Amino acid sequence: MIIQAENPVVEVHNLSVTYHNKPVLWEADFSIPAGNLVGILGPNGAGKTTLIKAIMNLVDPSSGYVKLFDRPLDEVRPRVSYVPQKESVDWDFPTNVLDVVLMGRFGKRGFFRSWTRKDKEIALACLEKVGMQDFQKRQISQLSGGQQQRVFLARSLAQEADLYFMDEPFAGIDAATEDSILKLLLEMRSMGKTLLIVHHDLQSAFEYFDWFVFLNTRLVASGPKAEVFNREILQETYGSKLTLLHTISNLLTKEGLPMRDETDLE
Amino acid sequence: MSAFWIILTGSLVAASCGLLGCFLILRRMAMIGDAISHAVLPGIVIAYIFTHSLDSLPMILGATSVGLLATFLIELVHQKGKVQADAAIGLIFTFLFSCGVILISSWTKHIDLDADCVLHGEIAMVPFELWITESGLNLGPIAVWKLSILFLIVVGLIYVGYRPLRLTTFDPQYAAAIGVSTGFWHYLLMGAVSMTTVLSFESVGAILVVAFLVAPPAIAYLLTERLDHMLLISLLAGLISAVGGYALAAALEGAIAGAMTAVLGIEFIFAYCYYVYLRK
Ligand SMILES: Nc1ncnc2c1ncn2[C@@H]1O[C@H](COP(=O)(O)OP(=O)(O)OP(=O)(O)O)[C@@H](O)[C@H]1O
Ligand SMILES: [Mg+2]
């Protein structure tokens, strides 16, 4: 089920990506409305990272195109922020936390002007938002995995964008911090920002996200929570893993959302 | 006087190589200098066939562009061909080097050029190749002039490009996502490395260039946690080895290039001890 948005901020048209002639993302076609917290869900290898990279123009699609704010990416880059999976960089690089967060300001400031007091204030404020204000001078190799992830989040926030693509921003983050960051993301949403988040925890996804994109090489579903977060679609996305489906059915019943085929769950 | 020229030559090479080497080792491409220095051979030979001279702008340009071609081919084989980066480097540089050898043996039979004389400069010879103007004015060794210009280019590149080079080295994906051309900075850096390698090889020889590209940055990496400090320490480590190496060679009456490299080794041991026992 694919529900298209009116006045979308993200439009993905017929997007396919192949690696070595093997399709890993197949004709994805969906759109996302503004001011939503969007979960991109799917099993490992489903093509979630690939989808985000294709949207950010980091891999070449074999077909299709993407529009952000009704424009090609190149025209709106300052309004778009990207959080890569943290494994994509070398954390032994000689630099400290504040410097990494300040990298988020390059989009606005450019490379050739020095940082203003405002840039530094914003960077510090963003560190505070992710609870890392005490680590600003810390060498990045001396951070735990979850702390590294939070630094990446802070860098993205420092960009002050309108549209965020985050690839597993909560990987390795403890429950309390995840909770406070999710609240922060909700706050950003209420300011009209749109956030697309690759996420693996169905429980918190269900609790916080309002729109879902379900992927498994092809696009299984895209739409508001009430329309697409149901048993069939989850089953289609993840296959029928019973334990998982039980958790979900409990969730859905609790929320009083439509459950189909209640009987064959038992 | 010749001591002064040799130390100055060594220092200039050490400085240019040390600065660029910092970015190379952080990009895990430390040995690319070695590869480029061999890969540029066909460029040198072709330029030589056209100009019949060994120290000319065309030769530097020929070598630099083949150096760039080499880095391009390495990227291509690595990215598209699923070959690991170090294997790709080995593959491409031996291929290009052998092209150069074939060119030399088949096209330049009657010309005095062999792989050795192209690739193996000798730092002790620097003071004897002077730039003397037509009016007979002695302007000092040619190598010092060339290497000074090179040093200014390298410093200029790093001064202007410090932030984009740092960003594209640390997180190329994020850099690309905010619209920075990672390819542009990669090839600019590699162009500078090619030019540096060619000019330095010609005047100070093989081991010393590779040593200066790798050792001072490796030493600096152990001593600091900041890239700007790393660049400065790398410069300093290079200078110490140029001066100390000359003194050592004089004392032992040994080879200068070897002595400079040996001093780098000693510096590295000290840096390593500091890293292991003292750094918090
Ligand atoms: N550079 C690459 N070369 C070849 N195949 C790749 C490459 N990157 C990803 N793939 C393949 O593409 C498929 C999709 O990968 P992708 O990283 O998009 O999955 P994902 O949904 O992000 O998974 P995860 O939840 O594990 O992060 C996988 O089958 C993977 O093996
Ligand atoms: Mg992924």
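FYI, it's all coordinate maths here, none of it is from the lab. None of these values were measured; they are calculated from a predicted model. We place every Cβ from the backbone using ideal geometry, glycine too, and count neighbours over all the protein chains shown.
Would region A:1-154 count as rounded, prolate or oblate if I go by the C-alpha gyration tensor, calling it rounded below 1.5 in a/c and otherwise prolate when a/b exceeds b/c, oblate otherwise? In terms of gyration-tensor shape, prolate. What FRET efficiency, computed as 1/(1 + (r/R0)^6) with R0 = 41 Å and r the Cβ-Cβ distance, is obtained for residue B:3 and residue B:229, rounded to the nearest 0.05? Given R0 = 41 Å and the Cβ-Cβ separation, E is 0.85.
Neighbour counts of other Cβ atoms within 10 Å put B:99, B:22, B:273, A:126 in the fewest-to-most order B:273, B:99, A:126, B:22.
When a/c reaches 1.5 or more, the comparison of a/b and b/c decides; with that in mind, is chain B rounded, prolate or oblate per its Cα gyration tensor?
Values: a/c = 1.67, a/b = 1.09, b/c = 1.53.
Oblate shape, in that a/c is at least 1.5 and b/c is the bigger or equal ratio.
Kindly identify the protein assembly as shown as rounded, prolate or oblate by the Cα gyration tensor criterion: order the square roots of the eigenvalues as a ≥ b ≥ c, call it rounded if a/c is under 1.5, otherwise compare a/b with b/c, prolate if a/b is larger, else oblate. It would help to have the intermediate numbers written out before the result.
Values: a/c = 2.82, a/b = 2.12, b/c = 1.33.
Prolate shape, in that a/c is at least 1.5 and a/b is the bigger ratio.
Each distinct pair of alpha carbons in region B:123-280 adds a 1/r term; the inverse of their mean, the Kirkwood radius, is 17.6 Å. The residues A:199, B:78, when put in order of fewest to most other Cβ atoms within 10 Å, stand as B:78, A:199. Each residue, residue A:179 and residue B:250, gets one label point 7 Å from its Cα in the Cβ direction; the gap between the two is 7.1 nm. Between residue B:181 and residue B:125, the distance separating the two model label sites (each 7 Å from Cα on the Cα→Cβ line) works out to 3.9 nm. Extents of chain A, taken as max minus min of Cα coordinates on every principal axis and listed largest first, are 62, 40, 36 Å. Between residue A:227 and residue B:76, the C-beta separation translates, for a Förster distance of 45 Å, into a calculated FRET efficiency of about 0.45.
So which GluC sites (Glu not before Pro) in region A:1-33 are both in a DSSP loop and have at most 12 other Cβ atoms within 10 Å of their Cβ? Walk me through the numbers on the way to the answer.
Values: sites: A:6, A:11, A:27; in loops: A:6.
Counting only loop positions with at most 12 other Cβ atoms within 10 Å, the GluC sites (Glu not before Pro) in region A:1-33 are A:6.
Beyond 20 Å in Cα-Cα separation lie the following of the pairs A:86/B:82; A:129/A:193; A:67/A:225; A:86/A:108; A:22/A:86: A:86/B:82; A:67/A:225; A:86/A:108; A:22/A:86. Ellipticity at 222 nm from helices only: DSSP H runs of n ≥ 4 in the protein assembly as shown, each -39500 (n - 2.57), divided by the residue count, give -18500 deg cm²/dmol.
Can you sort B:166, A:109, A:231, A:117 by how many other beta carbons sit within 10 Å, fewest first?
Working: B:166 24, A:109 16, A:231 19, A:117 7.
The most exposed by this proxy come first: A:117, A:109, A:231, B:166.
Overall shape of region A:185-229 was characterised from the C-alpha gyration tensor. The equivalent ellipsoid obtained from it has semi-axes of 19, 11, 11 Å, in decreasing order. Segment residue A:57..residue A:1, full-extension length gain: 17.5 nm, with 0.36 nm per residue of separation and the alpha-carbon distance subtracted.
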